[in-house]
1. Could you please find all residues in segment 380-405 being in a helix (DSSP H, G or I), closer than 25 Å to VAL358 by Cβ and in contact (Cβ under 8 Å) with a residue 12 or more places away in the chain?
2. Suppose we filter LEU6, LEU30 for residues that are over 27 Å from ILE155 (Cβ atoms), among the aliphatic types (A, V, I, L, M) and touching a residue at least 12 places away in the same chain (Cβ under 8 Å); which single one remains?
3. Determine which member of the set ILE198, ILE207 is assigned by TED's automatic domain parsing to the domain that holds ASN39, more than 26 Å from the chain's Cα centre (by Cα) and surrounded by 14 or more Cβ atoms within 10 Å (Cβ to Cβ).
4. Just checking, does segment 226-239 include any residue being part of a loop (DSSP other than H, G, I, E, B), at pLDDT 95 or above and surrounded by 12 or more Cβ atoms within 10 Å (Cβ to Cβ)?
5. For segment 9-27, which residues satisfy the criterion of being under 23 Å from GLY276 (Cβ atoms) and in contact (Cβ under 8 Å) with a residue 12 or more places away in the chain?
6. Those residues that are touching a residue at least 12 places away in the same chain (Cβ under 8 Å), among the basic types (Lys, Arg) and farther than 24 Å from PRO134 by Cβ, I need them from segment 56-90; list them, please.
7. Residues that are free of Cβ contacts under 8 Å to residues at least 40 places away in the same chain and among the hydroxyl-bearing types (Ser, Thr, Tyr): list the helices (runs of 4 or more DSSP H) wholly contained in segment 247-289 that include at least 3 such residues.
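The values are calculated or read from the model by the stated rules, or taken from the named source; none is laboratory data. Keep in mind that this is a model prediction, so the values were computed, not measured. Glycine also receives a Cβ, built like all others from the backbone with ideal geometry; neighbour counts cover every protein chain displayed.
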Amino acid sequence: WGPRYLSNRNVICEEQCGFQPGRSTQSALLRIKDSLLHNFEKKFYTVGIFLDFRKAFDSIKHDILIRKLQLYGIRGIALDLMKSYLWARKQYVQLHNYKSDLGVIKYGVPQGSILGPLLFILYINDIVNIQFTPNIVMYADDTNAFFSGLDLRDIEITANSWLDKLKSWLTVNQLELNIKKTKFMLFKQKNRPVDYAISLIFNGENIAQVNKIQFLGVCFQSDLSWSHHVDNLRIKISRSIGLIRRLQHLLPGRVKRQLYFSFIYSQIIYCILVWGTCNKTNTESIILLQKRALGLISTSVPTNMSLFYMYNVLPFPECYRMQLAMLIFKKIKDNFQIFSDVYLSRDLTYNLRTVALVGPMCRTNYGVQSINNQIILLCNRIPEIIEYAKEAKNITQFKKRIYNVINRTQVYSVCKGNM
C-alpha cells in the first residue's frame, strides 16, 4: 500500500492538501481565498478558526492509528509491516561521546520519513466527519474551519457547537489543541458593519480573535486586502537588495541576476495566485523594488531601455500572469477541469484563438478576484494560452512559448478586471 493505493480508493479526504499529488500550499490557500470571495459576493460574514494541534506528529497513539489503517483497508502483511515499523521502536541521543539511555517510542510517527506525514494525514482524516463540520481546509496538521452566514449570532452558535464536537474527537484520538496558538478571524467586506461581538469557546477558554494571521507563508487579513503580506514581502526583498548592493562591485552581472532570481523572484512568486490581486499601491511598491534590484546588476543601462527588458525579467503583474498561465496549462492537461463553471462562446474544437470565455456574473470586485474569473480574463486577453497548452508536450515547452507572449502584452495591473 502507499500513496497510489490511497489515491485510487479515495481514502484521503478532499479537504486535505498536504503531501497529496498535484496539490500544494497554494492549492490550500486558493481554496480558502475563493471560498471567502464567494461569501463576500453573497454578503456573508465568515468566521475562520485556525487550529493548532499541540505536538501533533508526536502525539499519535499507535494502536489508534493501526485501527484506522484497518478501517481504510490496510490488512494482512501490509498491516503487520506497519505494526513492526511503529511498535517498540527505540532511540537514544548522542552528543560527542556521550549517549543517553535507550527509550521506547510509545507515541508519534517517525519524522523525516516519507511515511511519517502520510500516517499523520490518515490519523486525522476523519476530522471531516465531525457533526456540524463546516468548510474545512487542511494542509498536513494545519487545519482551518470556516463558518459563514448572514447572521453573526447563528454563526457563533454553529461554530461553538462544532468546537464542542471537536473536543470529543480530540479526546477519542488523544490529541490536544493548543488554545493559545489557536485563533479565529471574522472575514468581511471592508466597509461591512459588525453589530455583534462573536465569542468562541473551547474547553472553557476563549479563543482569541485577530485581524490578520500568517498561514502557510501568506498573511491573511479580515478584508482580504493583502497589504500586510506585501509589507512583509517588501521587508524580505529590501534585505535581499542590501545583499546584492554589498556584492555589487564584486560579482559579474550574470551572477547578480542569478541572485535576483534566487532571493527576490522566488519570494515574489510564492503563492502569488493567492495574493497577487492586491491593489495598485501595493503593485507599484513591488515593481519599484524590482527596479531597484535590477538597477544594481549593471551600471550601464541605456536610458531608453527598460530594466526588465534588458535583463529578461518579468514585472510583478506579468509574474502573476505567468503563474496563472502555468495553472491553466496544468488544468487543461487535467481533462479540462478548469472549465467546470465557465461558459464557452463556442466549442474548443474550433479555432481556439477566437474562443471567448464567459464566467458567472460578479456583483463586486471580490468576485472578479476569484481564480476562475482571473483565468477567464487572461484567456480572453491572450487566447493563445489555450492553444499552446493543448499543443505543448510538457510544461517547459509551454512556458517557453507563453513567456514571450506575456512579456510583449504587458499590462499594468492584475486587479479590477484589468487583465
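1. ASN380, ARG381, GLU384, ILE385, ILE386, GLU387, TYR388, ALA389, LYS390, PHE398, ILE402, VAL405
2. From the options LEU6, LEU30, the qualifying one is LEU6.
3. ILE198
4. Looking for residues that are part of a loop (DSSP other than H, G, I, E, B), at pLDDT 95 or above and surrounded by 12 or more Cβ atoms within 10 Å (Cβ to Cβ), one finds at least one in segment 226-239, hence yes.
5. Initially, segment 9-27 is screened for residues under 23 Å from GLY276 (Cβ atoms), giving 17-18, 22-27.
Answer for segment 9-27, where residues must be under 23 Å from GLY276 (Cβ atoms) and in contact (Cβ under 8 Å) with a residue 12 or more places away in the chain: CYS17, GLY18, GLY22, THR25, GLN26.
6. Result: LYS61, LYS83, ARG89, LYS90.
7. Counting at least 3 such residues, we get no helices (runs of 4 or more DSSP H) at all.
Quick grid of which residues meet (1) out of contact with any Asp or Glu (no Cβ under 7 Å at 6 or more places or on another chain); (2) under 30 Å from ILE179 (Cα atoms):
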site	(1), (2)
ILE77	yes, no
LYS90	yes, no
GLN94	yes, no
ASP126	yes, yes
ASN129	yes, yes
VAL137	no, yes
